[in-house]
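All of the numbers you see were taken from the coordinates with simple rules; none came from a lab. What you see is a predicted model, and the numbers here were worked out from it, not measured in a lab. Note that we place each Cβ from the backbone using ideal geometry, even for glycine, and neighbour counts take in every protein chain shown.
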Amino acid sequence: MKSDVELVSFHSVSKGMVGECGRRGGYMELRNIDSSVHEQIYKLFSIGLCANTSGQIMVDLMVKPPVAGDPSYQLYTDEMTELKASLARRSKKLSAALNTMENISCTEINGAMYAFPTVQLPPKAVEAAKKAGMPADTFYAVELLDATGICVVPGSGFRQKPGTFHFRTTILPEESKIDTFINKLKDFNNDFMVRYS
């Protein structure tokens, strides 16, 4: 690297390779970082426990995948290609479905495992949230969890613009279950909007 810009980059198997939360493994690269800071970071990471075995194997595959001629090359290539294609199909399906739901809009999901839709919450829902002592988007998320078992992260945890409401959800349900996930979310949202309109 010819620049003298200080740079720290991270890569993980859960977010950057296989799209499976809980796959613990990754690495961090430091460029142009002062040596004393580098030493402190190294110490900090050295006191932690090592990654589990599957995480270590996956990091090895991430940085050194099978190459043409290796016995596992074709299987690995086929599986990774299908995994990425499946994530792309799920992201398109979810963002399209969110945009058909009442009072919800979502930009197209591109290159991430998360959707971050905007929800226009009715004034009665905002008032019910105040009475319950929680932000309105948290109220929506808790009601969704109670009704369906679907867990989303309220946008208020991301310092959203005041007066707007969002939630974060993933595209990670298995492809065979994504339609069920979408239908549960849609049914809940319809009921919620009717109850608080």
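The figures follow:
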item	result
5 angstrom amide H check on A115, placed H, neighbours 5+ away	T169, T170, I171
Entries of K92/K131; K130/K177; K161/K184; K2/K93 with Cα pairs more than 32 Å apart	K92/K131; K130/K177; K2/K93
Relative contact order (%) - the chain, alpha-carbon pairs under 8 angstrom, separation at least six	17
DSSP H segments from the chain that extend 24 Å or more along their own axis, Cα-based, with Kyte-Doolittle mean of -1.0 or above	73-98, 178-195
Amide H contacts of H166 (H built 1.01 Å from N, under 5 Å, at least 5 apart or other chain)	V119, G155, S156
Options [x] 15.7, 51; [y] 25.7, 83; [z] 21.1, 64 - which one matches Rg and Dmax of the Cα atoms in Å as calculated here	[z]
Loop-exposed trypsin sites (Lys or Arg not before Pro) per DSSP, neighbour cap 10 Cβ within 10 angstrom, longest uninterrupted part of the chain	3-158
Estimated 222 nm signal from helices in the chain, with DSSP H stretches of n ≥ 4 weighted -39500 (n - 2.57), rounded to 500	-15000 deg cm²/dmol
I150 long-range amide H proximity, modeled H, under 5 Å	none
